[in-house]
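Below is one structure, written out as structure tokens; the observations come after it.
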Amino acid sequence: MSDSVFTHTQNQLKEFVDDMLMYARNLGATDAAAEVSESNGLSVSVRKGKVETIEQNNDKGAGVTVYIGHKRGNASTSDFSSQSLRTTVEAAYNIARFTAEDDAAGLPDVHMLERQPQDLALYYPWQPSVAEAIEMAARCEAAAFAVDKRIANSDGANVYAQQSHFISGNTRGFMGGYPYSRHMMSVAPIAGKGANMQRDDWYSSSRNAQHLAAPEAIGRYAAERALSRLKARQISTRQCPVLFEAPLATGLLGAFVQATSGGALYRNASFLVGSMGMLLFPQHIRITEDPHVPGAMGSAPFDDEGVRTSQRDVVTNGEIRGYFLSTYSARKLGMQTTGNAGGAHNLKLLSSHTQAEDDFEGMLKKMGTGLLVTDLMGQGVNYVTGDYSRGASGFWVEHGVIQYPVEEITIAGNLKSMFRSIVAVGNDTLVRGTIETGSILIDNMTVAGS
């Protein structure tokens, strides 16, 4: 790790953590956990060939959690001076003193902590100059405008480069941390004029800037998507198969994660409470979690509490085999942490029915006649009941061929029945955040239109 990238070294961050933990002990804390982090980056946006924003960040922070028995207090600071760190620990300690007992509060059990974290190649620093970042964003947007003169406007193109590092530790012997990076390029062209305008966007993200798609490729594809939506029409209300394009299909898997997360489960705020062992999906569906994929956006050798992460099947043959639990939520449920404090890691949805010919075109043919959804609006998911209702747009498909774009419709159903009605998963896989899946075909949903 280059010293020129960050103000502090990993060893210096470790010293800050050690000092905070020692001071918490000296105050009389039963246990404590601390994390110190630093990040820097650049974000530029260009719209219609002109620079709109240039943002540079250089952030740092330290946080500490202090336990007095089963009482817990938290405090944070952005000042790394010795006095500020001591004051922060004192603040957390005093909060804990006056907080009610919570039997589930406390550090992870010692045997769950990661002692020898592996290097997962998560750090690829990229520090383009402001001029270089502007030039890439401009190329991306210009490529979109060049596709067709009907691309007459734009919400702009953005280039984002970010690198961070951290050290976390606790009084049960855990100490670990690493540098990591996240970079992205995006564009959002607008096609048409007046009442017949359509917007779409596309982006490429990676930890390694060399793996980002070319600016021109991003711009061209985003423009083609916007153009394809021109002259959209409304369709009548009906029941029909619905094909979720891969970028949206990741959202369905995200909804499953939310419903099986410990916080929702122990608060009885999920339609999947008590669902361990339930046959939720068809038997051809499998969901895996692999936190140890080198360079992947969702990889981590340990979670936010220092608990080791591990590969596992979350769903096997359609049956729920695992939840997403932190130490606290696991204790509330009478279970053991799954190493998911902070979220899921590299989830992948698979179907044993997926064949080589099940690319995007193959999935359209498999659907036959129905709705291809390419955009969703609103937050219409009720996780307590599983009810699902979202504004949507996309394309009407007949005999496996796209006929025309559609808009101003709503798709509705219940997540439990939607999951059970997955008939196919495409091999047109896409990674969005920590989730990977192909397009997902659901046998039947309500489409509300005119």
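The length gained on full extension between residue 384 and residue 11, counted as 0.36 nm times the residue separation minus their Cα-Cα distance, comes to 129.7 nm. Using equal-weight Cα scatterers in the Debye expression, the normalised intensity of segment 154-214 in log10 at q = 0.26 Å⁻¹ is -1.01.
For segment 409-450, backbone nitrogen atoms closer than 15 Å to the point 7 Å from residue 217 Cα along Cα-to-C-beta are found at 429-431. The residues packed around residue 377, meaning those with a beta-carbon under 15 Å from its beta-carbon, carry a net charge of -3 if Lys and Arg are +1 and Asp and Glu are -1. Segment residue 369..residue 81, full-extension length gain: 97.2 nm, with 0.36 nm per residue of separation and the alpha-carbon distance subtracted. Helix 10-27 and the long axis of the chain differ in direction by around 60°, with both axes built from C-alpha atoms.
Between segment 17-44 and segment 134-196, how far is it from one alpha carbon centroid to the other, in angstrom? First find each Cα centre; the distance between them is then 30 Å. In order along segment 319-336, the phi-based Karplus estimate (6.51 cos²θ - 1.76 cosθ + 1.60, θ = phi - 60°) of 3J(HN,Hα) comes to 9, 5, 10, x, 9, 10, 10, 8, 4, 5, 5, 5, 5, 5, 9, x, 10, 10 Hz; Gly and Pro are listed as x. Under the convention that each Lys and Arg Cβ holds +1 and each Asp and Glu Cβ holds -1, the size of the dipole of the chain around its Cα centre is about 860 debye. The percentage of C-alpha pairs in segment 379-438 whose separation is greater than 18 Å is 60%. Can you tell me the orientation of helix 82-97 relative to the chain, as the angle in degrees between its alpha-carbon axis and the longest Cα principal axis, to the nearest 10? Long axis of 82-97 versus the principal axis of the chain: about 90 degrees.
Within the same chain, lysines fewer than 8 places from residue 366 are excluded, and of the rest, those with a Cα less than 24 Å from its Cα are 348, 416.
Put +1 on the Cβ of every Lys and Arg and -1 on every Asp and Glu Cβ in segment 240-379; which of 268, 306, 295 then has its Cα farthest towards the positive end of the dipole? Of 268, 306, 295, it is 268.
Any aspartates and glutamates with Cα under 19 Å of the residue 149 Cα? List them, leaving off those in the same chain fewer than 8 positions away. Residue 149 reaches 141, 200, 201, 216, 224. Values of log10 I(q)/I(0) for segment 49-127 across q = 0.14 Å⁻¹ run -0.75, by the Debye formula with one identical scatterer at each alpha carbon and no solvent. Computed per residue of the chain from DSSP H runs no shorter than four, each worth -39500 (n - 2.57), the mean residue ellipticity at 222 nm is -7000 deg cm²/dmol.
Taking max minus min of the alpha-carbon positions on each principal axis, the chain gives extents of 71, 55, 38 Å, largest first. When the Cα positions of 198, 349, 259 are compared along the charge dipole of the chain, 198 comes out farthest toward the positive end, with charges on each C-beta of Lys, Arg, Asp and Glu. Listed by chain and number, the lysines whose C-alpha is less than 24 Å from the C-alpha of residue 14, apart from same-chain residues fewer than 8 away, are 60. Net charge of the neighbourhood of residue 363, taken over other residues with C-beta under 12 Å away and scored Lys/Arg +1, Asp/Glu -1, is -4.
Charged neighbours of residue 176, selected by a Cβ distance under 9 Å, balance to 0 (K, R count +1; D, E count -1).
The residues of the chain present an accessible area of 44 Å² per residue when probed at 1.4 Å with all protein chains retained. In segment 87-131, inverting the average of 1/r over every pair of distinct C-alpha atoms gives 15.7 Å as the Kirkwood radius. Distant-in-sequence amide contacts of residue 202, defined by a placed amide H-H separation under 5 Å and a gap of 5 or more residues or a different chain, comprise 187. How far is helix 246-259 tilted, in degrees, relative to the longest principal axis of the Cα atoms in the chain, given as a value from 0 to 90 rounded to the nearest 10? So the helix axis and the longest Cα principal axis differ by about 40 degrees.
Per atom type, the chain shows carbon and sulfur on 48% of its accessible surface, probed at 1.4 Å.
Sorting the segments 209-219, 437-447 by their residues' average number of neighbouring beta-carbon atoms within 10 angstrom, most packed first, yields 437-447, 209-219.
For segment 202-283, the Stokes-Einstein estimate of translational diffusion at 20 °C and a viscosity of 1.002 mPa s comes to 125 µm²/s, using the Kirkwood hydrodynamic radius over alpha-carbon pairs. Cβ-Cβ distance of residue 228 and residue 412, R₀ of 30 Å, FRET efficiency by 1/(1 + (r/R0)^6): the value works out to about 0.75.
The values are calculated or read from the model by the stated rules, or taken from the named source; none is laboratory data. Please read all numbers here as calculations on a predicted model, not as lab measurements. Note that we place each Cβ from the backbone using ideal geometry, even for glycine, and neighbour counts take in every protein chain shown. When the accessible area is computed, the model is the full protein with side chains, heavy atoms only, and any ligands, DNA or RNA have been set aside. Shrake-Rupley method; radii C 1.70, N 1.55, O 1.52, S 1.80 Å.
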